[in-house]
Amino acid sequence: MKKNFSTPGSSTFTLDRQYVDFERMRGTRSHADLSTDEPPASTSFSRTSSLADLAYVALPGLTSRVSRNNSVVSLAHLGDAFSDMPANESPLVVEGGLSRPLVQSVAVALLSTLLYGYNNGNMNTPALSIRATVGIPSFALTPEGVSVPIPSNDTLWGFVISIFCLGALVGCNSSSQLADRWGRKTFLLWNSMIFVVGGLLEASACLPDCASTGGWQACTARVGLLIAGRAITGIACGGSTVVVPIYLGEISPAHLRGTLGTLMQLTCVIGMLGAQVLGLPTILGSFSTWPVMLAMVLPIALLQMLMQPMLLESPRWYAMYGNERMAEEQLVLLRDRDTTDEGLAEELYCMLTAVTPEEVHVGPHSRTSSFTNLSRSSSAAALLLKTSAGAGAESAAEVLALTPTFTKPPGVLQAAATNPAVRRAIAITLTLMALQQFSGINNAFNFSTSFLKQNGLSDDQCAIVAVLMNVCNVIVTIVSVLLMDKVGRRPLLIFSVVVMAGSTAVLCYALALADSTITPILSVLAILGFVLGFGIGLGPVPGLLPAELFPRAHRGSGSGLAWSCMWFCNFVSAQLFLTQANTLKTQAFLPHLVVLVVGLLFALAMVPETRGKSLEQIEKEMALS
């Protein structure tokens with residue numbers, strides 16, 4: 001529902017051209033009324049009053065102003081327009097579709113998540129070739145030709161894989177602060193460089209000469225390079241998972257935010273599928289070509305660096321620093337609209353007024369202006385009106401003295417102690433991240449082949465099922481992109497968890513039927529259903545919500561905390577599953593069923609719907625809930 005800033009009157013209001021124009025406010029006031037120099041009797045301003053009824057105010061030092069003909073009105077008064085607006089009503093309805101600059105910015109940013117998905121899956125299919133080359137095979141031959149397993153090599157290979165998650169934890173915890181300090185665009189540029197360094201180290205693991213490879217002794221130099229490359233790549237992937245959804249959420253119109261945000265999950269699964277296909281021994285996963293396969297991240301990262309001019313900075317990031325001019329410029333470019341567009345003006349106004357003076361950051365991108373006056377107290381507004389009536393310079397100085405000082409917002413955990421909205425956002429996002437990882441999805445991808453093999457499927461059939469799982473994951477994620485802003489996050493999440501829980505129950509039942517002819521069929525159907533259920537909701541939704549639910553002042557640190565929880569749970573789940581499988585045998589997925597049932601109850605009780613709502617409206621609702 002769209003709210004108007006004015007009651008009937010054909011006034012034209014223009015915010016100082018440095019910042020934004022308010023045009024075409026609807027109404028029927030005559031030009032004769034507009035030309036009068038006498039201020040109205042009443043200077044009160046509410047949601048239903050007209051800007052034309054405000055007193056004409058000009059205060060030295062206030063460069064942000066709304067002008068009508070030759071008169072100016074302080075933007076400080078405009079905040080009253082939303083003072084009595086219910087939190088469940090959006091002041092903004094953005095019309096129209098995708099603009100070319102928006103598409104370009106989204107495409108460039110998504111290259112980071114494509115790299116994340118590729119690096120997340122590039123150690124799976126070429127594992128045998130890589131392990132043999134760096135000297136940590138799973139078995140060795142004795143002089144008699146007997147194959148003997150080497151448990152220490154399995155442990156070392158597990159560390160090579162898991163160091164990726166530990167690096168991602170580091171990236172998550174540092175990326176939010178750096179992105180707030182440097183900007184989303186600059187951070188993604190440096191993050192691309194980290195991808196380049198990590199990819200080079202991984203690919204270089206084949207270069208050092210080793211006295212022994214493929215036997216009992218590992219090649220220390222090669223393993224060291226591989227571990228270093230995985231750790232550095234993990235740092236870049238952790239940064240991508242935090243900053244990209246924040247960036248997409250901040251630049252997207254409310255009615256497209258879910259669709260564009262879900263593209264992150266889509267590019268991730270496409271990257272994983274591409275890595276697994278390229279890693280096949282018949283393509284790039286052989287003993288001589290696996291370094292090329294690992295180095296494929298380089299052209300993608302370099303392409304992203306070259307396309308940085310197409311990546312526009314988030315206008316909300318500029319608003320966070322109080323820089324209205326750059327916020328307006330970036331928003332105009334992203335929406336590809338004229339500055340006289342009423343919808344664009346309203347969106348910018350809501351964006352700027354959502355930032356309180358206490359939340360404004362101080363930095364090289366700050367701009368000292370009247371932006372700090374947007375949230376002044378009512379006493380400041382009264383003094384402002386008194387000054388306009390000729391009270392003198394003393395009152396003007398008193399108004400200016402009320403300008404709040406800039407203070408750094410507290411950390412997200414510190415804010416949670418006093419802010420219910422932050423506490424609720426932490427509870428929802430961390431629980432959903434844990435649910436995503438402990439649902440068993442990674443174990444389904446990593447260990448489904450061994451389960452199916454134990455239950456009558458051949459190696460070729462298991463390979464076909466593995467490919468089908470990844471193809472299904474891509475297809476269903478495309479469907480979720482189309483549905484996210486039509487159906488909503490909450491319904492898709494609940495439906496997803498229900499399907500996954502049902503599929504897990506069928507899988508446990510099938511594996512309990514020892515030597516049954518229907519076991520292979522039921523197992524395959526259950527695993528494919530599990531993947532389809534994951535891709536429609538539990539895959540993309542937890543990644544969307546941190547950038548939507550956390551208040552603006554804590555969006556970066558809150559998202560970093562949520563994604564850190566995801567990577568930690570990923571690491572723990574992978575470490576526990578082997579013990580879980582050895583203990584529970586065929587019922588290894590039973591704990592995941594329990595987790596999914598509990599997660600379903602949590603989603604029904606706690607997860608809100610954010611479809612079609614502006615970030616500012618979501619922040620209001622979270623504060624009131």
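Taken together, the values in this text are just the output of simple stated rules run on the coordinates, not laboratory data. Everything numeric here is computed off the predicted structure, so don't read it as measured data. Cβ atoms come from the backbone with ideal geometry, glycine included; neighbour counts cover every protein chain shown.
Tabulated results
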{"item": "Mean Cβ count within 10 Å, highest first, over the residues of peptides 505-513, 162-170, 598-606", "result": "162-170, 505-513, 598-606"}
{"item": "Peptides ranked, highest mean first, by Cβ atoms within 10 Å: ranges 116-128, 463-475", "result": "116-128, 463-475"}
{"item": "Student exercise, the stretch 410-625 dipole from Lys, Arg, Asp, Glu Cβ charges, in Debye to nearest 20", "result": "480 debye"}
{"item": "Local net charge near Arg131, Cβ-Cβ under 12 Å (Lys/Arg +1, Asp/Glu -1)", "result": "0"}
{"item": "The stretch 97-312 - charge dipole about Cα centre, Lys and Arg +1 at Cβ, Asp and Glu -1, debye rounded to 20", "result": "540 debye"}
{"item": "Neighbourhood charge, 11 Å Cβ-Cβ cut-off, centred on Gly488 and excluding it, Lys, Arg +1 and Asp, Glu -1", "result": "+3"}
{"item": "Exposure proxy order (Cβ contacts within 10 Å, fewest to most) of Asp180, Asp460, Asp336", "result": "Asp460, Asp336, Asp180"}
{"item": "The stretch 115-160 and the stretch 530-578: distance between their alpha carbon centers, rounded to Å", "result": "29 Å"}
{"item": "Full-extension gain in nm, Ala512 to Thr186, via 0.36 nm per residue minus C-alpha separation", "result": "112.0 nm"}
{"item": "Normalised contact order of the stretch 227-335, rounded percent, pairs of Cα under 8 Å and 6 or more residues apart", "result": "20 percent"}
{"item": "For the stretch 279-287, 3J(HN,Hα) per residue [Karplus equation, 6.51 cos²θ - 1.76 cosθ + 1.60, θ = phi - 60°, Hz, x = Gly/Pro]", "result": "x, 5, x, 7, 10, 10, x, 7, 5"}
{"item": "Neighbourhood charge, 13 Å Cβ-Cβ cut-off, centred on Thr186 and excluding it, Lys, Arg +1 and Asp, Glu -1", "result": "+1"}
{"item": "Dipole of the stretch 97-312, positive direction: furthest Cα of Ser138, Gly234, Gly224, with charges on the beta-carbon", "result": "Gly234"}
